[in-house]
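Data block below; observations after.
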Amino acid sequence: MRTGPAVALPSRDEANRHNRRVRGTWWREGVFYQIYPRSFQDSNGDGIGDLPGITARLDHLNDGTPRSLGIDGIWLSPFYRSPMADFGYDVSDYRDVDPTFGNLADFDRLLSEAHRRQIHVIVDLVP
């Protein structure tokens, strides 16, 4: 039986050192993953991605191990209340979540779970 060369994967400590390194300038030097909620992950079977779907996939983005993407932050495209004439880019209320994507409690849970994994969250603000 032939085997290939051993591959050294970064340890959890190395991943955490990387996260600490970018903490002060995370928005400038971090690795971001942009998420368009509508097409990311559907949690309720209606065919449209939503905030609980994003929360359910956070470990794929950064769980502190080399198996995940190891990102420092996520950038969320608009999920605010909207008449949806322009797929959420026609915001009608910046202070609320469009029911298509969930509710404010879902957003609070997403933030909490992201921060627990040391993932920063940026939201798209459409003027």
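Tabulated data
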read-out: So Asp90, is it buried (at least 18 other Cβ atoms within 10 Å of the Cβ) and charged (D, E, K, R); value: no
read-out: Matching residues, the stretch 63-104, being modelled with pLDDT under 95 and at positive phi; value: Gly64, Gly70, Met84, Phe87, Gly88
read-out: Where His115 falls short, out of the listed (1) part of a helix (DSSP H, G or I); (2) crowded, with 20+ Cβ neighbours inside 10 Å; value: (2)
read-out: Filtered residues of the stretch 50-106 (kept if of a type in the set (D, E, K, R), out of contact with any Ser or Thr (no Cβ under 9 Å at 6 or more places or on another chain) and not in a loop (DSSP other than H, G, I, E, B)); value: Arg95, Asp96
read-out: Close pairs from the stretch 61-78: first more than 22 Å from Asp106 (Cβ to Cβ) and touching a residue at least 24 places away in the same chain (Cβ under 8 Å), partner basic (Lys, Arg) and part of a loop (DSSP other than H, G, I, E, B), Cβ under 8 Å, at least 6 apart; value: Gly64/Arg117
read-out: Close pairs (6 angstrom Cβ cut-off, 6 or more residues apart or separate chains): surrounded by 12 or more Cβ atoms within 10 Å (Cβ to Cβ) in the stretch 19-30, at pLDDT 70 or above and not in a loop (DSSP other than H, G, I, E, B) anywhere; value: Val22/Glu29; Trp26/His120; Gly30/Gly73
read-out: Count of the stretch 76-112 residues which are among the polar types (S, T, N, Q), within 16 Å of Ile48 (Cα to Cα) and over 16 Å from the mean Cα position of the chain (by Cα); value: 3
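The values are calculated or read from the model by the stated rules, or taken from the named source; none is laboratory data. Not measured: the values here are computed from a predicted model. All Cβ positions, glycine included, derive from the backbone under ideal geometry; neighbour counts span all protein chains shown.
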